[in-house]
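Chemist: This structure is in structure tokens; I'll ask about it shortly.
The values are calculated or read from the model by the stated rules, or taken from the named source; none is laboratory data. None of the values given here were measured: they were computed from a predicted structure. Every residue, glycine among them, receives a Cβ derived from its backbone with ideal geometry; neighbour counts consider all protein chains shown. Heads up: the accessible areas ignore ligands, DNA and RNA and are worked out on the full protein's heavy atoms, side chains in. Shrake-Rupley method; radii C 1.70, N 1.55, O 1.52, S 1.80 Å.
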Amino acid sequence: MRFLPVLLLLSFVFWAPGCASHADLSPPSSYIVSAEQTAIEPVVSAEGDLAALRYDDRSTRIEVHTPEGALRWEASVEAQPLALFWSADDTLYMVGLRVTSYPFGHDYAVELWSFDEGAKAQKRSLAAATLKKVTPMLFAGGMEHSLRLALSPLKDEILFTRLHDPPAFPPYWALVRYHLASGRQQLLFKHE
């Protein structure tokens, strides 16, 4: 029940605001993600630590600063950041996207990164799929717009959309609830 307001907010996903019609296809390079397309605001923990993303020419780093402004730790990430948030137990999480292109299509991976105090990262897979060659072209703003995510009010679960692209059928969305501590996923809704 605590996700009812979030479900209503995420319902806009299923009329696909980020999707283009087949007549409005973007060029194949449109799914390539750049730092300018996904500006993510810094987030503050309950203890006052500030986490922010820093983009260099070829890498992305997460920096965590104390309330006084001193650098506590930093870590490099190997995915395009889509969301950054602190959980109820003050663990820093980042949701990242990786799209790798091949002649037959694209590997699409959404990962949940968690960081401990020493900047050691752990990755968990939220979604992984092989996409048909034309599927990324359906997203006018880029593949980073294919994911919608919300943090529960208790900051212990996330609700997100997962893209499926079966070979013989059109792509579809699934709405999934993910418990941060246990990693348990529950499929809530499928939109075909």
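Chemist: Any chance you could look up the accessible area of Leu82 with a 1.4 Å probe, heavy atoms only, rounded to 10 Å²?
Modeler: 40
Chemist: Under a crude label model (7 Å from the Cα following the beta-carbon direction), how far is Ala88 from Asp107 in nanometres?
Modeler: A separation of 3.5 nm, rounded to one decimal place.
Chemist: Have a look at Phe169, Ser76, Leu180 and report the one farthest towards the positive end of the charge dipole of segment 47-192, computed about the Cα centre with Cβ charges (Lys/Arg +1, Asp/Glu -1).
Modeler: Result: Phe169.
Chemist: If you plug each phi of segment 52-67 into the Karplus form 6.51 cos²θ - 1.76 cosθ + 1.60 with θ = phi - 60°, what whole-Hz ³J(HN,Hα) values come out, in order, with x for Gly and Pro?
Modeler: In residue order, the calculated couplings are 9, 9, 10, 9, 9, 4, 10, 9, 10, 10, 9, 10, 10, 10, 6, x Hz.
Chemist: Using amide H atoms built 1.01 Å from N in the peptide plane, name the residues 5+ places from Arg148, or on other chains, whose amide H lies under 5 Å from its own.
Modeler: Residues meeting the criterion, in which the H sits 1.01 Å from N, are Thr161.
Chemist: Please report the equivalent ellipsoid semi-axes of segment 44-96, computed as sqrt(5 x eigenvalue) of the Cα gyration tensor, largest first, in whole Å.
Modeler: In descending order the semi-axes read 19, 14, 7 Å.
Chemist: Per residue, how many Å² of accessible area does segment 53-101 show with a 1.4 Å probe? Write out the running numbers ahead of the final one.
Modeler: Details: 2380 Å² over 49 residues.
Averaged over the residues of segment 53-101, the accessible area is 49 Å².
Chemist: Considering all alpha-carbon pairs of segment 37-129, what whole percent are spaced by more than 20 angstrom?
Modeler: On the way: 1550 of 4278 pairs.
Distances greater than 20 Å cover 36 percent of the Cα pairs.
Chemist: Now, a different point. Between Leu154 and Leu188, what length comes free when the chain is fully extended (0.36 nm per residue of separation minus the Cα-Cα distance, one decimal in nm)?
Modeler: That pair, Leu154 and Leu188, stretches by 10.4 nm at full extension.
Chemist: Can I ask one more? Quick one: accessible surface of Phe169, probe radius 1.4 Å, all protein chains present, in square angstrom to the nearest 10.
Modeler: 140
Chemist: Another one. With a point put 7 Å past each Cα toward its Cβ, work out how far Lys133 is from Ala46 in nm, to one decimal.
Modeler: Here the modelled spin labels are 5.1 nm apart.
Chemist: Here's a follow-up. Distance in nm between label sites at Thr100 and Phe169, each 7 Å beyond Cα in the beta-carbon direction?
Modeler: 2.7
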